[in-house]
Amino acid sequence: MLFSLRLMGGTKTYYNPLNGEFARIVASSEDTNGEYSLLEVSLSPGGGNPLHYHTRFTEEFFAVKGKLGLQYERSTVYLGTGEQQLIPIGIPHRFFNDSPEEIIFRVMLRPGQPGFENFLKAMFGLVIDGMTITRNQVPKNIYHIAVMHNWGDTHLASLPFRIFSPLVRILYRRAVKLGIERELLERYCG
């Protein structure tokens, strides 16, 4: 099913220079009536993201080109072209490319996640604009952290961030009240 999908969403590609990631939304939540969001990612050698988990959606990874590294639970697996791996809700995981070649993979979020789509656009925009802490990809502005946390439902698995999580929900409400969420939407997601 995955490889026969036609390009339904926008064709804009988003770039994150900190981890060498290019991503595009192949099918948005809006395109699929909320059933799923489908992203295609090109990841440079050495690229990847930190260990994290989601509470609102599953992620299913599909290797398109090269060997996609996935760490989840206590396992590390490598997916070759045509292989796939489902990551259930709440399971800490990360993707990475430890090969010398660029890799390409797709990831399907179920149900569809318009918030995650905005998270991707805004997070990559914040990175490009120098508004994140280098390599950690954490926004420098505490309200931006709160908005990204809410949109992306991306919870870093390390203990300091787990302790900080309840405060982030309070900060998110304040970011909405101050218009910071709207500013991020207009600047990066419009």
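Rounded to the nearest 20 debye, what is the charge dipole size of region 20-86 about its Cα centre when +1 sits on each Lys and Arg Cβ and -1 on each Asp and Glu Cβ?
So the magnitude is around 300 debye.
Taking the simple approach of a point 7 Å from Cα along Cα-to-Cβ for both I142 and R173, what is their distance in nm?
Label at I142, label at R173, 1.6 nm between them.
Given the C-alpha centroids of region 120-143 and region 15-67, what is the distance between them in whole angstrom?
Cα centroid of region 120-143 versus Cα centroid of region 15-67: 17 Å apart.
What is the sum of charges, Lys and Arg at +1 and Asp and Glu at -1, for the other residues whose Cβ falls under 9 Å from the Cβ of I103?
Taking every other residue near I103 into account, the sum is 0.
Based on the Cβ-Cβ distance of C189 and S165, what FRET efficiency does E = 1/(1 + (r/R0)^6) give at R0 = 25 Å, to the nearest 0.05? Before the final figure, lay out each step's value.
Details: r = 24 Å, r/R0 = 0.94.
My answer for the efficiency is 0.60.
Nearest 10 degrees, 0 to 90: what angle lies between the long axis of helix 142-152 and the longest principal axis of the chain (Cα atoms)?
Computed tilt is about 40 degrees.
Please sort 90-98, 142-150 by packing, taking for each peptide the average over its residues of neighbouring beta carbons within 10 angstrom, highest first.
Details: 90-98: 17.8, 142-150: 21.2.
Answer by packing, highest mean first, reads 142-150, 90-98.
What ranking, highest mean first, results for peptides 104-117, 51-64, 177-190 when packing means the other Cβ atoms within 10 Å averaged over each residue? Present the calculation step by step, with values, prior to reporting the outcome.
Numbers: 104-117: 20.1, 51-64: 17.6, 177-190: 14.2.
Most protected by this proxy first, the peptides run 104-117, 51-64, 177-190.
Please give the helix 114-128 orientation as an angle from the longest Cα principal axis of the chain, in degrees from 0 to 90, rounded to the nearest 10.
Helix 114-128 sits at roughly 80 degrees to that axis.
As an exercise, use a Förster radius of 30 Å and the Cβ-Cβ distance of H52 and K12 to find the FRET efficiency, rounded to the nearest 0.05.
The value I calculate is 0.80.
How big is the dipole moment of the chain about its Cα centre under a simple scheme where the beta carbon of each Lys and Arg is +1, that of each Asp and Glu is -1, and everything else is neutral? Debye, nearest 20, please. Write out the running numbers ahead of the final one.
Details: 20 positive and 18 negative charges, 116 e Å.
The dipole of the chain has a size of about 560 debye.
For the residue pair R74 and E102, what label-to-label distance in nm results when each label sits 7 Å from Cα along the Cα-to-beta-carbon direction?
With each label point 7 Å from Cα toward Cβ, the separation is 3.8 nm.
Bear in mind these aren't lab numbers, they're just calculated from the coordinates by the rules spelled out. Computed from a predicted model, the values in this text were never measured in an experiment. Ideal geometry is used to build each Cβ from the backbone, glycine not excepted, and the neighbour counts take in all protein chains shown.
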